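To keep things clear, I will list the structure first and then write my remarks on it.
Rule-based calculations on the coordinates, nothing more; no lab input. Fair warning: this is a prediction, and the values are worked out from it, not measured in the lab. Please note: Cβ atoms are built from the backbone with ideal geometry, for glycine as well, and neighbour counts cover all protein chains shown.
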Amino acid sequence: MAKSKKIAGIDIGTTKIACIIAETVDNIKLNVLGLGTAPAEGFSNGVVNNLDKAAESVALAIENAEKGSGIKLAQANVYVGITGEHIKQINGIGA
C-alpha cells in the first residue's frame, strides 16, 4: 500500500508570494494538489516594511492554495523559502 504525506511550500519573493500544497507518494512521486499566489505587498527590497500588508499577502496565497487543494496548511509539513543577506536562522518548534 502506498504511503503518502502532505507537504507545502511557501516562497516569499520580491513581487509575489506563492504557496503550493502537494502529496508525496512513497517518497518518490509528487502530486500537486493546490497552488496559490498573491502580490507581495508590504515588502521593499526584500525587507518587510508593513507587517500587516505582508501578513495579508502570505495569508492570501495560503488561502488560495487551500481552496485549490481542499487541504488546510495545518495538515501538511510546511517549508518556507526566503532569501537575503539580512536573513538569520533560529531553530524552533511551533504549534
- Item | Within a Gaussian network of the chain (alpha carbon springs, distance under 10 Å), most fluctuating of Ala74, Ala40, Ala22 | Ala74
- Given the options Gly46, Gly70, Gly13, state which has the largest fluctuation in a GNM of the chain using a 10 Å cut-off (strictly under) for Cα springs. Gly70
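DSSP loop trypsin sites (Lys or Arg not before Pro) in the stretch 1-46 with at most 16 other Cβ atoms within 10 Å of their Cβ, which ones?
Values: sites: Lys3, Lys5, Lys6, Lys16, Lys29; in loops: Lys3.
Hits after loop and neighbour filter: Lys3.
In the chain, what % of DSSP beta bridges are antiparallel (nearest 5)? Intermediate values should be presented prior to the final figure.
Working: 21 of 26 bridges.
Close to 80 percent.
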- Message: Could you list Ser44, Ser69, Ser4 so that the one with the fewest beta carbons within 10 Å of its beta carbon is first and the one with the most is last?
- Response: Ser44, Ser4, Ser69
- Nearest-0.05 FRET efficiency for Asn91 and Thr24 at R0 = 30 Å, using Cβ-Cβ distance, is 0.80
- Task: Quick one, can you get me the convex hull of the C-alpha atoms of the stretch 4-81 expressed as volume per residue in Å³?
- Result: 77
- Message: Cut-off is 10 Å between beta-carbons; in what order do Val80, Val48 appear when sorted fewest neighbours first?
- Response: Val80, Val48
- Message: To make sure I understand, if each residue's beta carbon is the centre and we count other beta carbons within 10 Å, what order do Asp26, Asp11 fall in, fewest to most?
- Response: Asp26, Asp11
